[in-house]
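The values are calculated or read from the model by the stated rules, or taken from the named source; none is laboratory data. Fair warning: this is a prediction, and the values are worked out from it, not measured in the lab. Note that each Cβ is placed from the backbone with ideal geometry, even for glycine, and that neighbours are counted across all protein chains shown. Just so you know, the surface numbers come from the protein's heavy atoms only, side chains and all, with ligands and any DNA or RNA stripped out. Shrake-Rupley method; radii C 1.70, N 1.55, O 1.52, S 1.80 Å.
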Amino acid sequence: MIKDYKISGTLVWYYYICTREVWFMGRYIEPYQENIYIELGRLISEESYKREDKEIRLGNIVIDISRMKDGNLIIGEVKKSSKFEKSAKIQLCYYLYILKQNGILAKGELLFPKEKKKIYIELTDDIERELELVTEKIKEIITMEKPPQLKRIPFCSKCAYMEMCWV
Ligand code: SF4
């Protein structure tokens, strides 16, 4: 049974998209690196919001954009599109949750540079409870001997693991 897995914001994001992908990523199975969508994701996060280039590192969590506003620490997460807004919100809440566990209260901003859209995020008790459940579920998925059953979803066509699942 795999033991050296780590829960990350990315796994939380994928939990809401595809649990099979959580299994691959949680086990450090690398996707095909030349996939155009991986490259696009990299470019958008590297080229957008270059002025705000600070980082917070907590264990295996790296929180990209952070600044102070009206006395509050603001952290950010950049996404290609708002199509998977729920996943993105919970991922950012996960970072707020980890910060809170480390004694740091913060708020979040979800950034969609291509859509010039920004959403403010705050951690609530309900989301904290959801995150506790989700992190337990992610642990269960990663420690499964085999990946969750293959099921085609709209995200498959843009997924870096497409070759592993469907070719
Ligand atoms: S190709 Fe589809 S089923 Fe396979 S990991 Fe990606 S999203 Fe999940």
In region 1-14, how many are open to solvent by less than 50 Å² (accessible area, probe 1.4 Å), among the β-branched types (Val, Ile, Thr) and closer than 16 Å to Tyr94 by Cβ?
2
Within region 118-130, identify whether any single residue is farther than 24 Å from Glu21 by Cβ, in contact with a helix residue (DSSP H, G or I) (Cβ under 8 Å, 6 or more places away or on another chain) and open to solvent by 80 Å² or more (accessible area, probe 1.4 Å), and answer yes or no.
yes
Give me the pairs, please: first residue somewhere in region 15-28 and over 11 Å from Pro148 (Cβ atoms) and open to solvent by less than 50 Å² (accessible area, probe 1.4 Å), second residue anywhere and in a helix (DSSP H, G or I) and more than 8 Å from the ligand (Cβ to nearest atom), beta-carbon distance under 7 Å, and either six or more positions apart or on two chains.
Ile17/Phe84; Ile17/Ser87; Gly26/Leu11; Gly26/Ile138; Gly26/Ile141; Gly26/Ile142
Residue pairs meeting the criteria (Cβ under 8 Å; at least 6 apart or on separate chains; first more than 8 Å from the ligand (Cβ to nearest atom) and assigned to a helix (DSSP H, G or I), in region 138-167; second open to solvent by less than 40 Å² (accessible area, probe 1.4 Å) and of a type in the set (Val, Ile, Thr))
Ile138/Ile7; Ile138/Val12; Ile138/Val22; Lys139/Ile7; Ile141/Val22; Ile142/Ile2; Ile142/Val22
Give the residues of region 146-163 that are modelled with pLDDT under 90 and either open to solvent by 90 Å² or more (accessible area, probe 1.4 Å) or on the phi > 0 side of the Ramachandran plot (or both), sorted by residue number.
Lys158
In region 88-104, which residues are closer than 19 Å to Lys6 by Cβ and either part of a helix (DSSP H, G or I) or modelled with pLDDT of 90 or more (or both)?
Ile90, Gln91, Leu92, Cys93, Tyr94, Tyr95, Leu96, Tyr97, Ile98, Leu99, Lys100, Gln101
Residues (in a loop (DSSP other than H, G, I, E, B), in contact with an Asp or Glu (Cβ under 8 Å, 6 or more places away or on another chain) and modelled with pLDDT of 80 or more) located in region 37-86
Ser81
